């Protein structure tokens, strides 16, 4: 069942009369990195002294969401997604009438036009957050029965927003190709809350997780096959420099059974640890045990949340050299970047970090400094959202 949630942060009750009320709308049901992003940005806006009214579906486990999609024919499921705009329009309209928000902020989704319609109906500033070209992504990974409808609805929302916040310059170029004005596109990478990601003693963290004193390779997230973690399991079996290393997978996902079977076959199962889903507030306990943090594969437009978590914790990072990654990381300064899709380049980077503790420490410290220097935090992202809302409100008032 859906919900209309209005939850007040203590700071909101102490806010001045000039504080804003923002209507935040999303269609994200899964409890994964997406929900972390949603909760973190909302929390940062509330901590700044503003009220956030959330309109969205009840969140469920990512596995259950995937099961729901498989139970219905794709054609029917997508029509239901599009028709759900009418229900959302009613919910958003009710929220606008009740709370009189200053703006509508929406996390983009495919087949989703309710935010645009509501903003136009009530004359509200409309900010749209875009994390991926979902029509392309779903067409590639899951398939789309109504691909033209999906693309049309997504592009219509992009072009209709007062401001579009995208997570990378690569994604900004995708929106420009869909005829979205560059002046309305704002590159806003993912971020972290520095107060909640504090590194702990590495040796103690390893001992608490039963990892001994071995070199620990680590990955955090919802594990899918395209993440390429099978390459890391292979390296444990064949790379002499990693003969005693452990691979810590912080999370779960559909690729995990296959990884366990692979590790069993290669006789390295005792060196592969899959934690299962870990509450986000406990993430520092696990990240603190990692010596080399991994991002073996990445979609070309993404801003992986895990990278910012690795950086804030001062981990030595190995990641592909895609343009979106190079927007954040610099090779041999705060990370080792390997040639995308090149297993030998990936193994060389891991081997270098495995053999050089000083290099790991230097890159890790540089990564942590960059988070602070560039303001790669949810608090900074919230400041940008609030500034755009205020600017758009002034502009709309002048037009009246």
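Bear in mind that the values in this text are calculations on the coordinates, not laboratory data. As the structure is a prediction and not an experimental result, all values here were calculated from the model. All Cβ positions, glycine included, derive from the backbone under ideal geometry; neighbour counts span all protein chains shown.
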Practice problem: Alpha carbons only, please: Rg and Dmax for segment 194-374, in angstrom. | Solution: 14.8, 45
Quiz item: How high is the relative contact order of the chain, in percent, counting Cα pairs under 8 Å that sit 6 or more residues apart?
Solution: 15 percent
Quiz item: Within the chain, what percent of beta bridges assigned by DSSP are antiparallel, to the nearest 5?
Solution: 10 percent
Quiz item: Sorting 386, 165 on the 10 Å Cβ count, fewest up front, what's the list?
Solution: 386, 165
Quiz item: What is the pair-distance distribution P(r) of the chain, computed from all Cα-Cα distances in 20 Å bins starting at 0, with each bin given as a whole percent?
Solution: 26, 55, 18, 0
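For the chain, what does the helix formula give at 222 nm: sum of -39500 (n - 2.57) over DSSP H segments with n ≥ 4, over the residue count, nearest 500 deg cm²/dmol?
Values: 17 runs with 191 residues, N = 400.
The helix-only estimate for the chain comes to -14500 deg cm²/dmol at 222 nm.
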Practice problem: Quick one: angle between helix 256-265 and the longest Cα principal axis of the chain, in degrees between 0 and 90, rounded to 10, please. | Solution: 10 degrees
Quiz item: Relative to the longest principal Cα axis of the chain, at what angle does helix 357-374 sit, 0 to 90 degrees, rounded to 10?
Solution: 10 degrees
Quiz item: What angle do you read, to the nearest 10 degrees and between 0 and 90, between the alpha-carbon axis of helix 147-160 and the longest principal axis of the chain?
Solution: 70 degrees
Practice problem: Please order 278, 268, 164 by the number of other Cβ within 10 Å, starting at the fewest. | Solution: 278, 268, 164
Practice problem: Provide 247, 222 in ascending order of the number of other Cβ atoms located within 10 Å of each residue's Cβ, fewest first. | Solution: 222, 247
Quiz item: Using alpha-carbon positions, what is the distance between the centroids of segment 103-127 and segment 328-392, in Å?
Solution: 33 Å
